[in-house]
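Working notes for the structure below.
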Amino acid sequence: MLTTDDLEFLRRPLHGFLTVAGGPVRPVWFEAADDGTIQLFTPRESPKVRRLDGDPRASIIVAAPVGERERWVSVSGSTTVEPDGAHELAARLAERYWDLEDPAHADELAGIQTLDLVRLVIRPEKVSRYLM
């Protein structure tokens with residue numbers, strides 16, 4: 001459901017805005033995986049995990065930054081909470097979003113790696129997009 005152009009756009013270091021049923025919108029790091037899913041990491045005890053246990057629907061929207069042509073991609077679908085792969089995902093995303101040569105960022109990543117993390121996997125059921 002995600003096109004090649006969508007994947008190219010979603011693989012940039014942009015923030016996504018995640019919504020789960022009954023919860024607020026939150027800015028998140030994310031990865032558009034080769035299998036067409038959208039993956040995120042979060043602490044196992046986070047409110048979004050509890051909400052997903054009750055209703056597995058989630059959506060994420062990613063928009064181009066100011067100064068670029070208006071563009072966005074929205075993905076919604078059923079989401080699973082996976083016990084494996086979250087720490088590896090966190091490391092990949094930290095490398096994508098931060099300069100890990102910066103000691104402050106390296107320390108933040110080290111702190112994230114001490115948390116009990118899970119991986120959220122959104123399986124696209126509906127994809128919307130806009131490119132001006």
Item to check | Residue with peak Gaussian network fluctuation, the chain [Cα springs, cutoff 10 Å], from Asp53, Asp84, Asp102 | outcome: Asp102
Next on the checklist: From the P(r) of the chain, could you give the percentage of C-alpha pairs in the tail past 24 Å?
Outcome noted: 28 percent
Checklist entry - Can you list the residues, at least 5 places off or on another chain, whose amide H is less than 5 Å from the amide H of Arg129, using H built in the peptide plane? => result Ser74
Item to check | Förster-model FRET efficiency, 35 Å R0, Met132 and Val25, C-beta, rounded to 0.05 | outcome: 0.95
Checklist entry - Hey, what number do you get for the chain at 222 nm if only DSSP H runs of n ≥ 4 count, each worth -39500 (n - 2.57), divided across all residues, to the nearest 500? => result -8500 deg cm²/dmol
Next on the checklist: Quick check: pseudo-label points 7 Å beyond the Cα along Cα→Cβ at Glu8 and Glu70, how many nm apart are they?
Outcome noted: 2.2 nm
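FYI, it's all coordinate maths here, none of it is from the lab. Nothing here was measured: the structure is a model prediction, and the numbers come from that model. Every residue, glycine as well, gets a Cβ built from its backbone with ideal geometry; the counts of neighbours run over all protein chains shown.
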